[in-house]
Each structure stands twice: as structure tokens, then as C-alpha cells.
Amino acid sequence: MTKGAATRSLNLGKINDCCIALFGGIYSNYLALEKACNDAKGRGATKLFCLGDMGAFGPHPDRVFPLLKQHQVICVQGNYDDSVGNGREDCQCGYLDERDNRFAQISYDYTLSHTSAENRTWLKELPTEIRFLWNGKRVLLCHGSPRRTNEFLWESTSSTAFLEYLAQEYQADIAACTHTGLHWERKLTGGKRFINVGALGRPANDGQTCVWYALLSIQSGDLKLEFVPLAYEHEQLACEMEAERLPAEFIETVRTGWWTSCLEVLPGRERKQGKF
Amino acid sequence: MDKATAPRVPLSHLDELWFQVGGTRCNLTCSHCFISCSPHNKSFDFLSLATVERYLQEASKLGVREFYFTGGEPFLNVEMVAILKRTLEFGPATVLTNGTVLRKEWLEELAEAEKRSGYSLEFRISIDGPTAETNDPIRGEGSFPRIVEGLRLLVDAGFLPILTATRVWKDEEHNATVEQFLELLLSVGCRQPRIKILPTLQLGAEETRTQGYSPSTRLSVEELEGFDTRQLVCEHSRIVTDRGVYVCPLLIESRSAYHGATLSDALGDAVLSEGACTTCYQYGALCANPSSALGQKGITGGGAAS
């Protein structure tokens, strides 16, 4: 078993909340983050988590951090956070397609140069996974997969046998990740569940401008998962991205809900659901 | 290189199980084929549905993530449609085909099976030039229009084929060639074109077309130090053939790559003693689909079991 040399696990022990919110990649979308914090609290969430990738894609990365602190969001380190925190060369998404890499680099260079030294230090020190015991279940929050921060777990290319293996090997009854930015859930044996919480940073490539997060609550002793669509001031975000001279392709995604870049890594099934 | 001194790579986990489902039998005789497949090469035979089924069961117990099917030409195997339909009940499947023998009714049946399963069924269509003039010298006279027809059938059935080309053109021709491939896909109605470019492997027929690996082209233990071995196919894959299980889909003709009669016999370390290991080392993520590739610059940290 490959064990990451840089694994930092934050164990919260046992938590007693009735409802928690899991946010995926924020990608500098501070407007959606603020909306999501208030929306989740309004729905009864008493703990908020973010599964990593605070920056990328959107404008003004430093506007995310005060909100995370104000709302006491407990955060996992994503590959972007590792890159920005350590000043690495790229975002470590590992794209092979030239066009995807070009856009990824524009996004990364902008984010790196607009993140303060203080925030970079904070990102660098984030845990790579969070664990806690909740309602008798072992919960594991990670970014890509339990074994690798930048592993893509797509719904259509992750066999149930593989997800069962990950849950067993990494000792989780509930495992949650975000990296691909598309939300889905797989129910496993023995009441185990594998969840991709989606992303706050950009829409789900479905032609809608809303973004998604996951709300988990205990109802009559059972765990209930709800994927919450979240409308936010996407036109304001698009205008701010224009003012920052971010690529028109990114702004089109915010305004239309269709992904325009980083498409090569999508499996055929997920790709067909999008426009490009 | 002496096997005893060659670098070794443990299998971290069986992420991908490959099947040499078409054996070495192919209706084409490509001049760069790394296992010299042809209508007459019977050194590896077809895999039956029953054999595949047995390995699907065994691999699933090991937590396999996805399945790949190659040959030879997989669709010369009369059970291929049934094999893919059964596989989609276990997990995602990818088939590497030359596209020249596909039939509309097979693809419609498979499209239905994919829809039912929830997993992706990917088709990688091999082609080596965007025109008959550039493709046919490699893949054979008259193959180009048949490949294009295969692409069209796939698109019509609702699939998004991954056009897969070996880089047999000159560096200065690369951008124009990729552009022409994109146009080709658009011309058959594929509005979301996908392309995978592979390096040549100096094995099999390619040794005659250009040249083989020199005996000194081997990886050293030092070269593996600090290298992210997850880039290597053998770190997370095995391949089933009718003659047993091998460590690498590229090396089924190498004795050193044979790992045993069953999957459980084949989970030991890979020995990187072949010239082709240097190509895998150099390019990384060689055989996987882009959706499963870990990229050239994989992160070394990441969440692991506590």
C-alpha cells in the first residue's frame, strides 16, 4: 500500500452534531462560499467542512480566507492548496492535454500571485484528511481519494468493488471527497457510503448556474444525505472575473453552467452530459 | 540487464485489470505493432467469456477499479459483445479496437448495456494518420476509410470514441496532425473530440520498421529513486492472457513479464528489466485513459490510511 509521505490527519474524535455541511472546491468563489455557509446554517448545520481547493479559476483568492475563519469552516488540503502553499510549479491536476494545461496554468499563476504569504502558510499546513466518529460511523474527509490528494474519482469509472476496497483499507464508514467537482453517491455494503460532495467553485457542467454542496444529517438514527443546489451572485462573479482579465472561457462557465476547459480527464459518460 | 539487478516495483493495488481478449489475432498487420499481431499470429488465443468471468470475480474481490480489453482485435472474438456486457455489471470497461470490424447492432446493444450499468464503456480507436496517405502505410492498404466508418458507427450509437494514435509522424508535423485528427472526428459527427497520442514502442514489428531497444536501454535502480512509481503501468495493473497472467500489457511476449497461471500468483513485484520499461518511465500513464491517468506530475503526498 502506497502511503503518502506528507499525510497529515486531523482527528476530531467523536462529534455530536445533528447536521453537518460538506463543501467541495471553492476555487476562489467567495460569493458562493458566503451563501453556502449561511444556507447550511439555515438548514441546521452546526459544523461546516471544506474538502480543499480554496483557490483556482475565480477572482481574488484572498477573499475566501476571512469567510472560512468567520464561519469556522474546518478544511482539508486540496492539491491546489498544497501547490499554492508550497509555491509549486503547477496545480498538480496532472492534465495531459495541451489546451487544458494552458488554462490550468493561467488559473494557477493568477491564484498563486494573488494569495498572500500569510494565507499561503495557512494552506501549507492544512491536514490532508479529517477523521471523526459520528453517530457510530467512522467518517473520513479527503480531497481526491482516501489514498491520493489528486486522484480523480469519477462516478462512472469507480467500480463499487474499488470503493469498497478504499472504505475498508482506509477504515471509513462514510468517505467523502471533491476533486472532480461533480457530486454523486454510492451506497456500499454494511451501510457504508462513498460521497463526492461536488464543488462550490463552479457549476456541475449541467447547464445550470447553481453550484452544489452536501448536507448530512441524522434523522431517526439514520444518516440522510442531501445534495443542495445553491444559487449565488454568479453574474457578479463573472463581472469580477472579467475585471481581473481571467479567461473568457472560465467566465462562460460561470454564466452558462457548462465546463469549457479541463475536459480531457472526463470519462465519456460524464463528458457526454456536458456541452463541450 | 540481469533480472537480479533490475529495479523492482511492488503492486500497490490492482487498479486496472487488462484482458488480452483478442489474443494476437488481428485482421490488420500494422507495421509498428509491438506484439506483431496479424491474421496468422496465433501465439496468444482469444479469451472466452467463461475465462473473463472468472477473472472479473477474482479481481472484484481484490477491489479492482476498471477493466481494459485489448488484442489483437478484440471484436474478432465472437464473444466480445457478451464479454463487455458482463463486464459492465462489475465496473467500467475500455476496449482498444482498430474499429474496422464494428457492427451497428453490436454497438446499439452495448450502448444499452452501458446505460443500464452506470459505468463508462470507452472505445479507443487506433489510427495512425489523419489521411489514407499517412495512415495506410502503417495500418495497411484500405484501412483508413474502414476506421473512419468505425468512428462514425460509434458516434451514431452515442459513444465518444477516443482516437488513439501512435506518434509515427515528425515533430514538425505534430500540431497539424492533431488538428487534422480533430477535424476528422468532427467530420463524423463527434462534437466532443478526444485524442490520445502514444509513443512508439520499439518492440515486435516496430523493431523491423525502425529499430529495437538497444541492450543498454534499461532502467537502473538509481533512476527509480525519488520517481513516482505510480506512473508505471505495472505498479497498479496486470494482464490476463490465455497463457496466464503477465505484469504489463506491452510485454506479453517477454518471459520476464510472466507472473503466473492465476491472478493471485501475479501480485508480486514487477521487475523492470525490459527496454520498453524505459518508455513507460519516460512518458508515464502510458496505457490508461486520461480519466484514470495520474498525470506526469503526480502529487507525492495525499491522504493515506492513518
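Here are the numbers for this structure:
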quantity: GluC sites (Glu not before Pro) restricted to the range A:89-169 and DSSP loop, no more than 16 other C-beta within 10 Å; calculated: A:89, A:125
quantity: Relative contact order [Cα under 8 Å, 6+ residues apart], chain A, whole percent; calculated: 21 percent
quantity: Linear extension gain, residue B:208 paired with residue B:262, 0.36 nm per residue minus alpha-carbon span; calculated: 16.1 nm
quantity: The range A:1-71: trypsin sites (Lys or Arg not before Pro) falling in loop per DSSP and having at most 16 other Cβ within 10 Å; calculated: A:3, A:8, A:43
quantity: Per-pair calculated FRET efficiency, R0 = 35 Å: residue B:156 and residue A:219 via Cβ, rounded to 0.05; calculated: 0.15
quantity: Relative contact order, percent, the range A:128-213 [alpha-carbon distance under 8 Å, six or more residues apart]; calculated: 22 percent
quantity: Distance-filtered residues of the range A:29-55 - backbone nitrogen under 20 Å, label point 7 angstrom along residue A:15 Cα→Cβ; calculated: A:33-54
quantity: Euclidean distance between Cα centres, the range A:133-211 to the range A:1-79, Å; calculated: 15 Å
quantity: Which of B:210, A:37, A:106, positive extreme of dipole for the protein assembly as shown (C-beta unit charges); calculated: A:37
quantity: Positive-end extreme of charge dipole, chain B - chosen from B:119, B:28, B:135 (charges on Cβ); calculated: B:119
quantity: Cα-based reach from residue A:124 at 16 Å (exclusive), listing aspartates and glutamates while leaving out same-chain residues under 8 positions away; calculated: A:53, A:62, A:81, A:82, A:89, A:90
quantity: Residue among A:9, B:48, A:204 farthest towards the positive dipole end of the protein assembly as shown, charges placed on Cβ; calculated: A:9
quantity: For a label point 7 Å along the Cα-to-beta-carbon line of residue A:245, residues of the range A:36-62 with backbone N under 16 Å; calculated: A:59-60
quantity: Virtual spin-label span in nm between residue A:88 and residue A:8, 7 Å along Cα→Cβ; calculated: 1.4 nm
quantity: Electrostatic dipole magnitude of the range A:1-129 [Cβ: Lys, Arg +1; Asp, Glu -1; Cα centre; debye, to 20]; calculated: 520 debye
quantity: Chain A: angle of helix A:98-113 to the longest principal axis, Cα-based, in degrees nearest 10; calculated: 90 degrees
quantity: Simple Cβ-charge dipole of the range B:142-281, Lys/Arg +1 and Asp/Glu -1, about Cα centre, in debye nearest 20; calculated: 480 debye
quantity: Reachable aspartates and glutamates, given that their alpha-carbon falls under 17 Å from the alpha-carbon of residue B:61 and they are not under 8 places away in the same chain; calculated: A:164, A:169, B:15, B:16, B:53, B:89, B:265
quantity: Anchor residue B:170: lysines whose Cα lies under 27 Å away (excluding residues fewer than 8 positions away in-chain); calculated: B:196, B:297
quantity: Most fluctuating residue given options B:35, B:195, B:162, as computed from a GNM of chain B linking Cα atoms under 10 Å; calculated: B:195
quantity: Charged-residue dipole, Cβ positions (Lys, Arg, Asp, Glu), chain B about Cα centre, Debye nearest 20; calculated: 400 debye
quantity: Cut-off 16 Å, label 7 Å out along Cα→Cβ of residue B:42, residues of the range B:214-258 by amide N; calculated: B:242-243
quantity: Using a Förster distance of 22 Å, the FRET efficiency for residue B:187-residue B:283 (Cβ separation, nearest 0.05); calculated: 0.15
quantity: For chain B, calculated [θ]222 nm from helices alone, where every DSSP H run of n ≥ 4 adds -39500 (n - 2.57); calculated: -8000 deg cm²/dmol
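Rule-based calculations on the coordinates, nothing more; no lab input. All of these numbers come straight from a predicted model, not from anything done at the bench. Note that we place each Cβ from the backbone using ideal geometry, even for glycine, and neighbour counts take in every protein chain shown.
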